[in-house]
Amino acid sequence: MSDKVRLKTGVLKEFLARKNLSQNAFAERVGTTSGHLSQILTGKRIPRPETRERILNEVIRLQRFKKEQEFQFDDLFALGS
């Protein structure tokens, strides 16, 4: 079985809590459904490269608004089987 790139769910959930942003609102911002994002956050689905890019870009966009240190890909995603 090949390795998959998984979302570090705890990191994203903590980030959304700090931003006072719901999973539904974040899903809308990254162009996916709340159900799809929920499946990614519970590990039931692996985000596709395009989805990972949109998640990372939105996190970075939200950080720039507050001039926080920018997340990198490895901060949000990990290689797992």
Using the crude model of +1 on Lys and Arg Cβ and -1 on Asp and Glu Cβ, and no other charge, please compute the dipole size for the chain relative to its Cα centre, in debye to 20. 180 debye
Tell me, rounded to the nearest percent, the portion of alpha carbon pairs in the range 7-68 spaced more than 17 Å apart. 31 percent
Percent RCO, i.e. relative contact order, over the chain, from Cα pairs under 8 Å lying at least 6 residues apart: 49 percent
So how many Lys-Lys pairs in the range 7-68 land under 16 Å Cα to Cα, not counting same-chain pairs under 8 apart? 4
With -39,500 (n - 2.57) per DSSP H segment of 4 or more residues and division by the full residue count of the chain, the 222 nm estimate, nearest 500 deg cm²/dmol, is -17000 deg cm²/dmol
Straight-line reach only, C-alpha to C-alpha below 17 angstrom: list the aspartates and glutamates that Lys4 could link to, leaving out same-chain residues fewer than 8 apart. Glu50, Glu53, Asp74, Asp75
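Coordinate-derived values only; no laboratory data. These numbers come from a predicted model, not from an experiment. No Cβ is skipped: glycine too gets one built from the backbone with ideal geometry, and neighbour counts run over all protein chains shown.
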